[in-house]
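The values are calculated or read from the model by the stated rules, or taken from the named source; none is laboratory data. All values derive from a computational prediction rather than experimental measurement. Quick reminder, even Gly has a Cβ in these numbers, built from the backbone with ideal geometry, and neighbours come from all protein chains shown.
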Amino acid sequence: MTRLCRTFQTAPAAVPREDSAKYLESGLEAEGFEAPDWLVPDIEDGTAPDMKAEAVENVVDRLPGLAPDFGGEVWPRVEWAHDDAEFRDRGRDQIDRLVGEVGDHLDGVVVPKVGRLSDVQDAVGAVAEAERDHGYDDGSLELTVIVETAAAVSDLPDIARLGEDDRLAGLVFGPVDYTADLGGRAMDGERPRWSGLLERLSNEASAGGLVAIGGPFDRLFDERAGVTYYNAPGYADQVEREARIGLDGSWSLHPKQTSQANRVHMPTASELESALDKVEGFNEAKREGTGAVVLDGQMVDEATYKNFANTVETVRRIDDAHPTQTAESYDDSLLERARSVTLRFG
Amino acid sequence: MTRLCRTFQTAPAAVPREDSAKYLESGLEAEGFEAPDWLVPDIEDGTAPDMKAEAVENVVDRLPGLAPDFGGEVWPRVEWAHDDAEFRDRGRDQIDRLVGEVGDHLDGVVVPKVGRLSDVQDAVGAVAEAERDHGYDDGSLELTVIVETAAAVSDLPDIARLGEDDRLAGLVFGPVDYTADLGGRAMDGERPRWSGLLERLSNEASAGGLVAIGGPFDRLFDERAGVTYYNAPGYADQVEREARIGLDGSWSLHPKQTSQANRVHMPTASELESALDKVEGFNEAKREGTGAVVLDGQMVDEATYKNFANTVETVRRIDDAHPTQTAESYDDSLLERARSVTLRFG
Amino acid sequence: MTRLCRTFQTAPAAVPREDSAKYLESGLEAEGFEAPDWLVPDIEDGTAPDMKAEAVENVVDRLPGLAPDFGGEVWPRVEWAHDDAEFRDRGRDQIDRLVGEVGDHLDGVVVPKVGRLSDVQDAVGAVAEAERDHGYDDGSLELTVIVETAAAVSDLPDIARLGEDDRLAGLVFGPVDYTADLGGRAMDGERPRWSGLLERLSNEASAGGLVAIGGPFDRLFDERAGVTYYNAPGYADQVEREARIGLDGSWSLHPKQTSQANRVHMPTASELESALDKVEGFNEAKREGTGAVVLDGQMVDEATYKNFANTVETVRRIDDAHPTQTAESYDDSLLERARSVTLRFG
């Protein structure tokens, strides 16, 4: 199983307000289900061109105070573009500055708009160089890339294989830039879902041992009969589609989205109970020497067992990281079963 | 056209009953539409861990008596796992034993849970070694692999190219393990359909000259208003989706499924009649010197002709192998037209 | 952005009528929205085997008179087959003859039924040789291939990379031959849509800088309650699906289809107006130092901006090539905004 990243929440690192670090701070201080697994201070497209420098300063200034009490991981998104050297130069400078000043509080760096394999290798090199220059151990800082160009998708199998023995940790889909790069058109206001590509993203991430994350959902608010409301169903539908095909987490633009995605990527109580029934039933069948058993009309064998064991294992890992979330989701006896059952893998 | 494999029926080679070979025997003795094109004695996930040895014994014991009168092909599934050397060792031993004892009655071996290209090459090597050790001609025993890991899907184009000049004969999808390997979740009890992957599986199998087979459908029975029934519509829907995209056959877990899949992967009488009309009409147009003709409002040219000729050719091949099935499906005059019309390919 | 090819209209180069060049002529003389961006005189499957020679003669005879006044590009489709040397020999002869006689009037050659990378390289070589033999500058004649075999799809990423530094200009999908090559079946008369493949075609074309075109729609006419009608909705649905995922244009078999596809692949007046609002609004936000702005409830940042700018750029290019089409589609003030707004890319 890959690391926990149910939520990849971007927060503009500087906005034109009195407290320009407002969203960065609120992301790092969020509690309960609004706390993301990964917080991504955004120095790239979410920050205005003339505020990039202030965005870097905000990250450098706020992380030492807020990161130690933040339960998740911290992954700033810097500037980059496979087809523009100026952006790559700015990205290298930002990576160098961040690692040098607050490297202790970073898990890695998110690099957008990467292109073919060689461009991703350049991004790997930029992180390795900053790490070396500032005295960090080799591999202590990781890289996650946004997959949002035709070039990156064309080379996806090779890019993902960098995860096998390198610092690459995650693949995140960027549908807006991707659609623009392919010349796609939002007929009736809807972008394509790119479901074939998302299947491949999930596959290659699993093959390379990487986290796979879906793209942002930007229709945060909708309107019906004159009333504007938070678009909870639209986002939940997207997150469910992502969970179904094995994406590990979803992109969040807002604490409410984080709260939803954390829940969807977490087994429900009834899913957990059903998985425990299957795991316990199969464990018993194995003790009695049977390799397959029919439970609730469904055959459980070595192959199907893995699914149920994965469900239980995920709950354990969320419980380790965010005990308030598991306490709210499962009653004590169910959680105790999840913690104590024997999980046999492989 | 690839070889006939409308049905890939797995039968547990040993079950905890008085006659532990019950399903193996009934698979080999099935008649009419319940007779599969390929019978797969399952020594892997369908057989309990403590019955693996008995499963091998059952295959060795029963094949000499039952295989000669079985009309289809026989392909045992052995143990294997790309990420577990112990399983691969057991698989090599099982292949060696089966080829040594009943190699005359085998068409090939099915190897599950393969990984990247190098792992599939290892499986090829295991079959080649057993063949050589027991005095069979090179290439007389073939290999079919279950595609059910992210690693195998990542390397699918290269794996399928082994079919061009090697003993690889088929690609079979394994959705349960695959979904688990990607961390996919069965939201609302439904697994993803992996339709993008199935398109690619069909493509790569065709490019490499391999048979392509869909995954098992395990909701064999369903319930409505308190009554449990054989889930005929659910399975038929899946088999039809598979036929549409060019999968050559479907996985069967039960004689009723075999009976359905044999029928769906067989042209209907009206499809055959329509194909014959188009083939005969186009043949006549060609004699009159026209390269395209409009028949029933549809243009038939060199390109569309191939579809119709393939339909007729499939009927001929089923008629060669299972004359009772064609006799039940088509009236004599239609079958006679199918046997006598001139099919021009390439 | 890639070159303009909203419509790829094939016209049989010889038909068994008194004027055998009738469709070739009408394609080159079409006006307004019925004028295709690319006209493809079809010497391959649309022309009867015994009329191939006459088809070549018709192209050689008619182009000098009609091509100079035709606004679009001219791309004859010759014979070819990756698995049949006889077809490739005929294709080489046809390319040689066409380039030698009317090379001045050709933009390139369309080669069907290509296979793996090496076969596409052979087709590239055939065009290069004809170009050299007849004294044309290197690269003055381009190649577009029809992707309609499992072999070509298996090698698609490598084939598309030929576009990076070679004469390959376009990828066109051929669903009828493709479905036949995979052994797909038209259940209920419907072929599969191959949506996973079309996503990949769009991606690889964009990665290689190529034009991507969808397949032909051959149910030109439909019937309801005894009345036969031109199937306008069926074709429009397909073209819209293609536009959404970033295919640059659609295959047309008829002037009415050309007229529809030219319109669908052209922004509507309200799409143009909305894009202009977003572009102008974001330009203003940038001047005020903000990198993102909410317009009509949607966040516009550097990433989303590209989509809107592409819409405006497309309108400009159609206006350059076909001013009667833009005059009919947009009022003067809207067109003036599109021509004068500042578009910032990269």
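The condition of being in the same structural domain as B:LEU117 (by TED's automatic domain parsing) and in contact with a Pro (Cβ under 8 Å, 6 or more places away or on another chain) holds for only one of B:ALA243, B:ALA186, B:ALA180, B:ALA207, that being B:ALA207. All of B:VAL227, B:VAL211, B:VAL176 fail the test of being among the hydrophobic types (A, V, I, L, M, F, W, C) and free of Cβ contacts under 8 Å to residues at least 12 places away in the same chain, apart from B:VAL227. When B:ALA269, B:ALA261, B:ALA275 are screened for being surrounded by fewer than 15 Cβ atoms within 10 Å (Cβ to Cβ), at pLDDT 90 or above and hydrophobic (A, V, I, L, M, F, W, C), only B:ALA269 passes.
Pairing residues of the range C:253-265 that are within 13 Å of C:PRO216 (Cα to Cα) with residues that are part of a helix (DSSP H, G or I) and among the hydrophobic types (A, V, I, L, M, F, W, C), at Cβ distances under 6 Å and at least 6 apart in sequence or on separate chains, gives C:ALA261/C:VAL239.
Quick check: anything in the range A:110-128 part of a helix (DSSP H, G or I), small (Gly, Ala, Ser), within 18 Å of A:GLY215 (Cα to Cα) and at pLDDT 95 or above? So far as the range A:110-128 goes, no, none of its residues is part of a helix (DSSP H, G or I), small (Gly, Ala, Ser), within 18 Å of A:GLY215 (Cα to Cα) and at pLDDT 95 or above. Identify all residues within the range C:43-61 that are out of contact with any helix residue (DSSP H, G or I) (no Cβ under 7 Å at 6 or more places or on another chain) and more than 10 Å from chain B (Cβ to nearest Cβ); write none if there are none. Of everything in the range C:43-61, those that are out of contact with any helix residue (DSSP H, G or I) (no Cβ under 7 Å at 6 or more places or on another chain) and more than 10 Å from chain B (Cβ to nearest Cβ) turn out to be C:ALA53, C:GLU54, C:GLU57, C:ASP61. Residue-level check: of (1) assigned by TED's automatic domain parsing to the domain that holds A:GLU148; (2) crowded, with 16+ Cβ neighbours inside 10 Å, A:ASP222 misses just (2). Of the listed requirements (1) surrounded by fewer than 24 Cβ atoms within 10 Å (Cβ to Cβ); (2) touching a His at 6+ places or on another chain (Cβ under 9 Å), C:THR149 misses just one: (1).
The residues listed here are B:ALA236, B:ALA212; of these, the one that is over 18 Å from A:ARG200 (Cα atoms), under 17 Å from the mean Cα position of the chain (by Cα) and buried (at least 23 other Cβ atoms within 10 Å of the Cβ) is B:ALA212.
So which residues in the range C:278-320 are part of a helix (DSSP H, G or I) and at pLDDT below 80? Of everything in the range C:278-320, those that are part of a helix (DSSP H, G or I) and at pLDDT below 80 turn out to be C:GLU302, C:ALA303, C:THR304, C:LYS306, C:ASN307. Within the range A:65-106, the set of residues being within 14 Å of another protein chain (Cβ to nearest Cβ) and of a type in the set (Asp, Glu) comprises A:GLU79, A:ASP83, A:ASP84, A:GLU86.
Considering the range A:24-59 alone, what residues qualify as being hydrophobic (A, V, I, L, M, F, W, C), surrounded by fewer than 23 Cβ atoms within 10 Å (Cβ to Cβ) and touching a residue at least 60 places away in the same chain (Cβ under 8 Å)? Hits for the range A:24-59 are A:ALA30, A:PHE33.
Every condition in (1) assigned to a loop (DSSP other than H, G, I, E, B); (2) touching a helix residue (DSSP H, G or I) at 6+ places or on another chain (Cβ under 8 Å); (3) of a type outside the set (D, E, K, R) is met by C:ALA151 except one, and the failing one is (1). The strands (runs of 3 or more DSSP E) located wholly in the range B:156-266 that include 3 or more residues which are at the interface with chain A (Cβ under 9 Å from one of its Cβ atoms) occupy B:221-224. Considering only residues in the range B:1-20 that are within 22 Å of the chain's Cα centre (by Cα), of a type in the set (A, V, I, L, M) and crowded, with 18+ Cβ neighbours inside 10 Å, the one that is modelled with the lowest pLDDT turns out to be B:LEU4.
Within the range C:62-81, restricting attention to residues that are in contact with an Asp or Glu (Cβ under 9 Å, 6 or more places away or on another chain) and part of a helix (DSSP H, G or I), the residue that is surrounded by the most Cβ atoms within 10 Å (Cβ to Cβ) is C:LEU63.
Residues of the range A:178-194 that are acidic (Asp, Glu) and crowded, with 23+ Cβ neighbours inside 10 Å: A:ASP181 alone. May I ask you to verify whether A:ALA85 is more than 18 Å from the chain's Cα centre (by Cα) and assigned by TED's automatic domain parsing to the domain that holds A:SER250? So A:ALA85 fits the description; yes. Please go through (1) within 14 Å of another protein chain (Cβ to nearest Cβ); (2) touching a Gly at 6+ places or on another chain (Cβ under 6 Å); (3) closer than 30 Å to B:ARG316 by Cβ for B:ARG3 and return the number of the only condition it doesn't satisfy. With respect to (1) within 14 Å of another protein chain (Cβ to nearest Cβ); (2) touching a Gly at 6+ places or on another chain (Cβ under 6 Å); (3) closer than 30 Å to B:ARG316 by Cβ, B:ARG3 is out only on (2). Per the conditions (1) assigned to a loop (DSSP other than H, G, I, E, B); (2) facing another protein chain (nearest Cβ under 10 Å); (3) in contact (Cβ under 8 Å) with a residue 12 or more places away in the chain, the sole criterion not satisfied by B:GLU271 is (1). Tallying residues that are farther than 18 Å from C:SER274 by Cβ, surrounded by 12 or more Cβ atoms within 10 Å (Cβ to Cβ) and touching a residue at least 12 places away in the same chain (Cβ under 8 Å) within the range C:325-343 yields 1. Based on what the data block shows, is A:ARG224 of a type in the set (Lys, Arg), more than 19 Å from A:THR10 (Cβ to Cβ) and under 17 Å from the mean Cα position of the chain (by Cα)? No, not satisfied.
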